[in-house]
Structures are given as structure tokens and as C-alpha cells.
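Undergrad: I'd like to ask some things about the structure below.
Just so you know, all these numbers are worked out from the coordinates, no wet-lab data involved. Keep in mind that what you see is a predicted model, and the values were worked out from it rather than measured. Heads up, the Cβs are rebuilt from the backbone with ideal geometry, glycines too, and the neighbour counts pull from every protein chain shown.
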Number of protein chains: 2
Amino acid sequence: MNDINGAESLVKTLLACGVDTCFANPGTSEMHFVAALDRIPGMRCVLGLFEGVVTGAADGYARIAGKPAATLLHCGPGLANGLANLHNARRGNTPIVNIVGDQATYHRPYDAPLTADTEGWARPVSVWTRTATSSASVGTAAAAAVQAACAAPGGIASLILPSDVCWDAGGVVAAPLAPTPTPKVAPDAVSKAARVLRSGQPTLLLLADSALEQAALADAYRISAATDAQLLSVVFNARVSRGRGRFSIERMPYFGDAARARLAGIANIILVGAPSPANFFAYPGKSSLPYPDDAVIHVLARPEEDLADALARLADELGAPVVEPPRFDGELQPGSGPLTSESVARSLAALMPDDAIVVDESATFGRAFYPGTVHAAPHDWLQNTGGAIGAGLPMALGAAVAAPDRRVVALQADGSGMYTPQALWSMARERLDVTVVILANRKYAILQHELASVGASAGKTAMDMLDIGNPDLDWVRLAEGMGMQAARAGSTDRFNELFAMANACPGPFLIELAI
Amino acid sequence: MNDINGAESLVKTLLACGVDTCFANPGTSEMHFVAALDRIPGMRCVLGLFEGVVTGAADGYARIAGKPAATLLHCGPGLANGLANLHNARRGNTPIVNIVGDQATYHRPYDAPLTADTEGWARPVSVWTRTATSSASVGTAAAAAVQAACAAPGGIASLILPSDVCWDAGGVVAAPLAPTPTPKVAPDAVSKAARVLRSGQPTLLLLADSALEQAALADAYRISAATDAQLLSVVFNARVSRGRGRFSIERMPYFGDAARARLAGIANIILVGAPSPANFFAYPGKSSLPYPDDAVIHVLARPEEDLADALARLADELGAPVVEPPRFDGELQPGSGPLTSESVARSLAALMPDDAIVVDESATFGRAFYPGTVHAAPHDWLQNTGGAIGAGLPMALGAAVAAPDRRVVALQADGSGMYTPQALWSMARERLDVTVVILANRKYAILQHELASVGASAGKTAMDMLDIGNPDLDWVRLAEGMGMQAARAGSTDRFNELFAMANACPGPFLIELAI
């Protein structure tokens, strides 16, 4: 005899599968799931006031926890509000169990106002999409969702739950499914890459995803040292472990012209989990591709293959000796003088706490941050992987939930931050150790650059659409309005003082850096 | 010889078609559109810091202006952020010309990070979806989009513009297309409805959309007076003109039990632009339908037909004499004593400025507002028509842009307001005459009600997910952080004072009502 309902079978199955954190913004159709979370202990629930916070937090969480969180969203429009950050998570290959409540199966034909094409909206961001149609099948579907989300390289499994399959009795808890094995690359791929590397032609190894983990990077360094191959990561990375005593990696430049300059003379590009490179956007009269026209693209490993294994085997095939990470014995001094990207980068490098998690949505002003922190204390660096802005604050929230013993440093452009400011409230509510640095230039600086680069005049109408001063956003008040302490820094010295203080105190703190 | 690009042909065509307002949140792929707006005078551009603000504003604008605004959104994820309020607009039959920039046609195959299924996300909310593929076709597509958006009952026309079709030369300005005629109902529909009304059986006329305009409502009143038919509108309406000296209409109750009680004994329901009624959500063991099991549904007019004409012809067929609007000679006194829904409703009724536009996303606390303001000064009442919360503040922004000579009063629940708080910044930037009243109960009161109604225990985990205190949101600081003046009212007297002051002063003002 079954005495649990579908919602209870969902919670129990998720817990059995190791999913113990749920970022939620529930509505009426999810009340039985909420009730089940109440009755069954073990799931940490974090409320977001907006769905983009929920999905971005699930992204940041999984990047650090190495396993998926669940979301809880309300019907099609609730899912829609979370799609932009699901898009980013998809581009970062983040595993997420994306749970969306919906109209009862028998109620859907009435087309009540909130009824929408939930499946249709979910599918483009999901590796797996299913709508449960009976309480008895919810558990099985949940276990399959976890399996699908975790299959390499990781993806979004969207499980849509009509309200009646949650409240009906007959729920069945499912056992976890065996993880999908990650395929290893064929021997041929390794020997072909070795042949390219031995040719003596200028060659680039382009790394992404798990190829950026320290063990994999150590093998990439072996290959580079033995063959003079260059190493780059893709432009935007889900997670890079770096800092003093670790292997580091330079990123492909964002703008096509800069990338072309950086890759001048490269004859071969070997992809290791990276897609074939293309510029972020097209520009009139310019190539879509960031590499020389005659460069040849080779694939060592596709994103869904075992990247670390491929690099290790390639290094071995080349007989490449072990390499130590570069040493750095210098001393780092915080920045001083005018507030520039470089001076702030120096401050970040010198004052970053040990084992910090940096969430970088710093846009234009942050250009010096990544290169400038290569010798900082060891840390993880997380970026917006899909280009849909508004990922930074939610990811910082999720990362902090995943690692309560680490300090999260969110480097956040003001324009992008305004897409999901509600994340600050959840940080305050959960008393998370997050230092938010808002880079307040009060304009869409990247777009002013883009407008100039399309050769357009900058008249009042255009500039008004790219200027977010008038009125100025006051991030100190915004933070305080959501229960977070905050202060403004108008100088490098003041920033150094606030940044050190914020990192040393428990709980979240926001610094508005007036740049 | 063509000497304009696709973007310029777009702007000129929109202006030629009478679309002269654009709510925008542009990105890199839209820079040529921004540049064209700069070069060509005549389009008012209003910047939103988040796409949900843009689409909700376009909804509010069209409801008041009676014609569509254009949006300007950035790629698939930018569209996704605007989908929830497009969903609401769709349910309200609001015309919107929804313009979404996207990757260049030849760049799309490279699947750069921001590439997404833009068309797939747009289609479920759109009556018309097209991706332009050459600069020469942009003008034609824009004219077709305006025509499609304006065809009765109104809808969303989504025009997706790859960046190269905007920057390429060869743009051609298109002439406006003839409006799609609104079909009149067949004589048979009128005579059948008349037969039902003459039967003497208890009958309800259920009105929606343009059937709620004063001229149409006058005919509905004639029918009601001549036949004893009852009149109700659907639960959530795009725009109702009401107040002293006008015909008013009661709304169908939101909750199924209340609706069933209200409709007890009804034998016939005649739909006038309304969908066949169904409850907002299903509940275990309860009917999905709000009317008696033996009631018969008849259709006088479908949403896409001429509703006012149908009502006039029906009233004529019944020989119904002209009816005057109900008179009200009483005097309205602002509320006093404890802050309740009823006392605030009295204050709203007494202090509402002439010809105000009320945007109502007041949720649970607002239950007395609509019935309590029936004798207020004449005004329009706008509601969230699709149930995706976060429509209120953006709609208030758009309505104020459409009617610069009228005061907008936004009655906003705090939980819902936090989905799109960025709208406050645009109101401040545009110095719009909006009085925002935040009903701050610091919880998702509707969900606490729903949790109780599903018979669930209210333990700490559940209540934490339905409680948005801890930390308390401080709306005065949030507003000030976005450049808007604000104050808190903790008593009815203080509210009366602030509300009267705010309505009398130019520019926006926010009142946080601590309820």
C-alpha cells in the first residue's frame, strides 16, 4: 500500500540521489511540494524572490558542489523568468534538476490564465525534458532527471510536475540510477593530436570545462612544455582553479580583433572540450572567426568525453615530463592611486582571502582582474558562460550555499547587476559570506564601445539608451533595502579598507565602487 | 538607389504605422537599431534596466494608448526575461510589436554563446512570429507586424531581426497595411442569445475586453434591465473604465468556491468576448469550473469579433430601452482607524484624482479595493491578466508614458513587486506622474492561504518559503536607491496624507504601506 503522495516521492527520491539543496520560488501549483519539503527533513531550501535568482543560484551551486541542486519554479511564466540563467548554465554545462510545477493534468485543457507552453520553453535549454503524468511515475522521473543532469558534460534536466501528480497518493520512491559513464576518446584522437603537436607547426590547445581542473591542466602544461604548444581557455569558463602555486591559464580574448592578434601565426587549434571558436557577435565586414583563415581545427576531445584522461594520454604519448606549477615568490601590494581596472586588480590580488570563490560579471571595467590575480591566494574563478547578463549575483548566492566555509567575492558590473538584484536579499537572509563589489560606472560601457565600433554617431537618443545614470543607482540603499550592509568606496584606499574588512567579517557585505 | 539600412527602414516604417514609442533594453546586436533611433527623430525611447520592465511597460502603454508600442530586446535570453509579461499581455489581448535583435544570419551557425532558440521562445506568446532574413524585407515585415498586432482582439507580433539585416544597406520603408477588419457576429448568434435571455431562466452575461468599454457596457446594462440578466466581467481585466457617473461591473470572484456561490442558480452563461470560465487553478477533489454543473454556456461573441456591435444588436433585438448610469450623490470619506483592506479602499475612493489610471497588482490585501472604489472619481482600472506576477510596476510605467496628463496609481503587493522593481528607476528617469503604493505585508499571503487550503501543516521549512520578512524589505530605501522619493505609512491617517500629497505633486512617489 502506498501512503505517500507524488510530491513526497519526489523529495525522497531527490534526497536518495544526493540532491539535498533546492532553490525555490514556488506558487500555488507547488504547494504540495512545499508541504512535502516541510514533512521530510534533509532538503535545504533557499528562497529566491525572482526566478532568475533561483536558476542562477542553482548554476553557481553546482559549479562548486560538483553535483546538481534542484530548482522549484511556478508554471510556464515562472520558468520563463528563469530561462536566461538556465541558458547560461546550459552554456557552462552545469547540471541542474529543474523542477517546474504546472496546472493539473485535467485542468490544463481549460486553458486557465497561467497555462503556457511550459515544455516548449524548457526544451531549448534542457538536455532532458519530461512532464510526469501520474503520481506513481514521479519518483522514477526524478531519478532519471538526476542521471540525465549529471551525464558528462552536465546539463539541465527539466521535470514538469502537474499539481495533481504531486497531491495524488501512490507515490513511489525510486532508487538512484547508475551514473552514465563518461566515454574516453578513441586512441586515434590522441595519436592524431600527437602528430599535429610533433609537426613543429605553431599549435594552440584550446581548453574548456573539466580540462581546466588542476590535474588536467598539469597534463596540458606537460604537453606545452614538451612541444611549445600554446594553451588558452575559452573566453568564458564555468570554473577555473587558479592562484599562487597552481597551474594557471590565459583566456581567449573576447573581441575578435584582439583574438586574431593573439592567435596570429597559429597553424593548428586542438580542441579539448571546447567548441570550435567563434566570436561572440558578428560585426560588419569582419570575420566571424577569431583565428587565422588557414588555421586547421582538430578535436582531441568533445565536451561529453573524458577530457582529463585525453590530456593525460596525449602527454604520455608525447613522452612529456612532469612539470611543476610556476612559482611566485613576489609580494603582492594592494593598488593605490586612481581607481583603475589595474589598481583594483592589484587590490583583489593582494587582499583576496585564501580559497575564495570569485564570481566575475565585471564586464568592461574588470578587464585587468583575471590576468591581475594570477598570483593571488588560491581560488576558483567563475564566469557568466552564456552571455545573458544577470548571472553574477545569483551565482554568488549559489556558490556560497555550496561552500559555507569559503568566502565568495562577487565582482559585479552595475548594469548587469540590475537584472537580478533580488539575489542580495537571499544572501542576507541566509547570512552567507559574500563580498559583493559593484563596479558602478553608471552606464552600459560595453554598449557605448559597441555603438562606437559600428561607426554610429552618439546622439542624445542613443546615449540615453546606454547611460544608466540619471537617476544614479544608489547600490548602498538598494542593498540596505534588502537587508544587507553596504558602503561606498570612492578611492583605492577606501576600497582596500572595506574589502579587507568585508572579507574578515561573517555574513554578506556590499561595496559600491564608484569608478 | 537605396541609401538606408535595414534598421533605418524599421524605424521609418514603425513611425509611418503610428508606432512612436519604444521600450528598450538593447544589447550589442541591436546597436544599429539604436543608431537608427538616434538619426531618425520621432520615436520616444524609454530604457528599462530589465526586459520584464520593457514588456510589461509595452502592455500598460497599449492598454491606455489604444495602439501598440515597440519593444527592443536582445537575443533569445533577453526575450526570455520578457516572456512572463508578454504572457500577461497575451492573456489581455494587448497589441505589442515585439522586436528582438539576434545573431547575424551568417553568424548563427557558429552557435556563439548567446545563440538561443529565439523563435521557439517567442512563438507561444505571439500571434505572429517572423525572422527577417534580408535588409530589403525588414520594412515589409515591420508593417505586417503592426497589422498583426492590431487585428482584433490584439496580440503580440514578434519580429526577430538578425544584426546583419539591420546594418546592411538596401532598407525599404513600407507603407502601413490596411487594418484587419473586425468581424461582426452572425445574426444567428444574436438571435440565439436573445432567445436564451427571453426564456426567463437565470442568465449571466460574462463580459471581457472591449465589451467593458462604456458604450458596450451601456448596451449590456440595457440588456440586463430588460431581461434581469446578471452582468459580470472575467476575474482579471485589461482595462475597465469606471467610477462615478459611469457604468460599472462586478468581477467574477477569483476563488472557485466563491465563484460557485456567486453563480448559484445560474442556468445560462452568455459569453461576450470571454473564454468559457474555468478556475485559475485546480484543487484536489474540487471542480475545475466556477459555475453550476447544469449551467449551459452560449457564445454571443468570440474575443476576435466586434463585441460592442454584438451587444448593441442584442439590446436592439430585445427592444431594451436606454438606461442611465447609476447615480451616486453620496460623499466619500477617506478611511480611518486600523489599516485594513476596507479602510484603505475608502481612502483610495475618496482621494483618487480625477481620471486616474489604477494599476492593480494588490493581491490578497487588495480584496476590497475594486468594489470599494466604484464611486470614486472616474478612472481606468488595469489588472494583471495572465497571473504571472511582476506586471504591476512595469504596466504603471507604460500607462504613464501613454498618458502624461493623467496620474497613475499603482497598487502593488510587495512580493509581486520584487519581480520587477527596476521599473521604479524608469519612472524616476522619465519623471512620470505615478503614485506607487506598496502593500507591505512581508509574506506571500496568497500562498500561505493556498498552503492551508491544501490541508498542509505549516512547519518552519514551508513557512520560510512563504515568508519574505527576515530580512524585511525596505521599499523606501529600494525606491531611493533607484532615484525615487518615498516614505512609509504605518497608519491610515499617514497614508491619507501621503497619498493626497503624492497625487498632487509632479513626478513619481512611492508609499510603503506597512500592513
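Undergrad: I'd like the distance separating the alpha-carbon centroids of region A:309-327 and region B:306-348, in whole Å.
TA: First find each Cα centre; the distance between them is then 81 Å.
Undergrad: Of the chymotrypsin sites (Phe, Trp or Tyr not before Pro) in region B:59-156, which ones lie in a loop per DSSP and count no more than 14 other C-beta atoms within 10 Å?
TA: Within region B:59-156, the qualifying chymotrypsin sites (Phe, Trp or Tyr not before Pro) (loop, at most 14 other Cβ atoms within 10 Å) are B:TYR106.
Undergrad: Here's another thing I want to ask about it. Ranked by Cβ crowding within 10 angstrom, fewest neighbours first, how are B:GLU361, B:GLU30 ordered?
TA: By the 10 Å Cβ count, ascending, the order reads B:GLU361, B:GLU30.
Undergrad: Then there's this: Considering Cα pairs under 8 angstrom that are at least six residues apart, work out the relative contact order of region B:6-167 and quote it in whole percent.
TA: That works out to 28 percent.
Undergrad: Still on this structure: Using 0.36 nm per residue of separation minus the Cα-Cα distance, give me the extension gain between B:SER336 and B:VAL322 in nm, one decimal.
TA: Extra length available between B:SER336 and B:VAL322 comes to 1.1 nm.
Undergrad: To continue, here is another question. Below 16 Å, Cα to Cα, which lysines can B:LYS460 reach? Residues fewer than 8 away in the same chain don't count.
TA: B:LYS460 reaches B:LYS443.
Undergrad: Counting alpha carbon pairs within less than 8 Å and at least 6 residues apart, what relative contact order, in whole percent, applies to chain A?
TA: Dividing the mean separation by the residue count of chain A yields 14 percent.
Undergrad: How many percent of all Cα-Cα pairs in region B:1-109 sit more than 25 Å apart? Display every interim value, and only then the final one.
TA: On the way: 1085 of 5886 pairs.
Beyond 25 Å sits 18 percent of the P(r) for region B:1-109.
Undergrad: Starting from the Kirkwood Rh over alpha-carbon pairs, what translational D in µm² s⁻¹ does chain B have by Stokes-Einstein at 10 °C and 1.306 mPa s? Intermediate results must be reported in sequence, preceding the final value.
TA: On the way: Rh = 24.0 Å.
So the translational diffusion coefficient is about 66 µm²/s.
Undergrad: Need one number: nm distance between label points at A:GLN485 and B:ARG367, each 7 Å from Cα along Cα→Cβ, rounded to one decimal.
TA: It is 4.2 nm.
Undergrad: What is the magnitude of the charge dipole of region A:341-514 about its Cα centre, with +1 placed on the Cβ of each Lys and Arg, -1 on the Cβ of each Asp and Glu, and no other charges, expressed in debye to the nearest 20?
TA: 160
Undergrad: On to the next question. Using the Cα atoms of region A:230-280 to build a convex hull, what is its mean projected area in square nanometres? Don't jump to the answer; show the numbers that get you there.
TA: On the way: hull surface 16.6 nm².
Averaged projected area of region A:230-280's Cα convex hull equals 4.1 nm².
Undergrad: B:ASP405 label point, 7 Å along Cα→Cβ, cut-off 18 Å on backbone N: hits in region B:368-387?
TA: Label zone hits: B:378-380.
Undergrad: So which lysines can B:LYS192 reach, going by Cα to Cα under 21 Å and dropping same-chain residues fewer than 8 places off?
TA: Once the sequence-local lysines are set aside, what remains near B:LYS192 is B:LYS184.
Undergrad: In nm, give the distance between the simple-model label positions of A:ALA258 and A:SER134, each being 7 Å from the Cα along the Cα-to-Cβ direction.
TA: It works out to 5.7 nm between the two label points.
Undergrad: Can I ask one more? Count, for each residue of A:86-93, the Cβ atoms from other chains sitting within 10 Å of its Cβ, then give me the mean as a whole number.
TA: 3
Undergrad: Quick one: Cα convex hull volume of region A:28-87, Å³ per residue? Mind showing how you got there, number by number?
TA: Numbers: hull volume 5.0 nm³, N = 60.
So the per-residue Cα hull volume is 83 Å³.
Undergrad: Hey, if you put +1 on the Cβ of every Lys and Arg and -1 on every Asp and Glu Cβ in chain A, which of A:ALA391, A:GLY42, A:LEU271 ends up farthest toward the positive end of that dipole?
TA: So the residue we want is A:LEU271.
Undergrad: Sticking with this one: Among B:SER126, B:SER276, A:SER341, which comes first, then next, by fewest other beta-carbon atoms within 10 Å? Display every interim value, and only then the final one.
TA: On the way: B:SER126 22, B:SER276 13, A:SER341 18.
Sorted ascending by nearby Cβ count, the order is B:SER276, A:SER341, B:SER126.
Undergrad: Shifting gears a bit: Against the globular-protein guess of 2.2 N^0.38 Å, express the Cα radius of gyration of region A:341-514 as a ratio, rounded to two decimals.
TA: Normalised Rg, Cα atoms only: 1.01.
Undergrad: Looking at chain B, send over the antiparallel percent of its DSSP beta bridges, to the nearest 5.
TA: Counting DSSP beta bridges with both partners in chain B, the antiparallel share is about 10 percent.
Undergrad: Starting from the 7 Å offset along Cα-to-Cβ, what nm value, one decimal, do you get for the label separation of B:ARG431 and A:THR182?
TA: Result: 5.9 nm between the two label points.
Undergrad: Per residue Cα convex hull volume for the protein assembly as shown, in cubic angstrom?
TA: Measuring per residue, one finds 161 Å³ for the Cα hull of the protein assembly as shown.
Undergrad: By how many nm would the segment from B:GLU213 to B:ALA267 lengthen if fully extended, with 0.36 nm per residue of separation less the alpha-carbon distance?
TA: Working it through step by step, the gained length comes to 16.8 nm.
Undergrad: Follow-up. Calculate I(q)/I(0) for region B:187-317 by the Debye formula, one identical point scatterer on each C-alpha and no solvent, and give its log10 at q = 0.13, 0.22 Å⁻¹ to two decimals.
TA: Debye output, listed in q order: -0.49, -1.37.
Undergrad: Same structure again: Distance from a point 7 Å along Cα→Cβ of B:ARG442 to each backbone N in region B:471-515: keep the residues under 18 Å and list them by number.
TA: Under cut-off, by backbone N: B:471-479, B:487-492, B:511-515.
Undergrad: Going 7 Å from the Cα of A:ALA452 in the Cα-to-Cβ direction, what parts of region A:336-369 have a backbone nitrogen less than 14 Å from that spot?
TA: It comes to A:364-365, nothing else.
Undergrad: When you look at the Cβ of every residue in B:425-433, what mean number of other chain Cβ atoms sits within 10 Å?
TA: Numbers: counts 6, 0, 0, 2, 6, 0, 1, 0, 0.
Rounded to a whole number, the mean comes out at 2.
Undergrad: Still on this structure, I have one more. Let me know the Rg and Dmax you get for region B:55-192 when you use only its Cα atoms, in Å.
TA: Computed over the Cα atoms of region B:55-192, radius of gyration and Dmax are 16.3, 60 Å.
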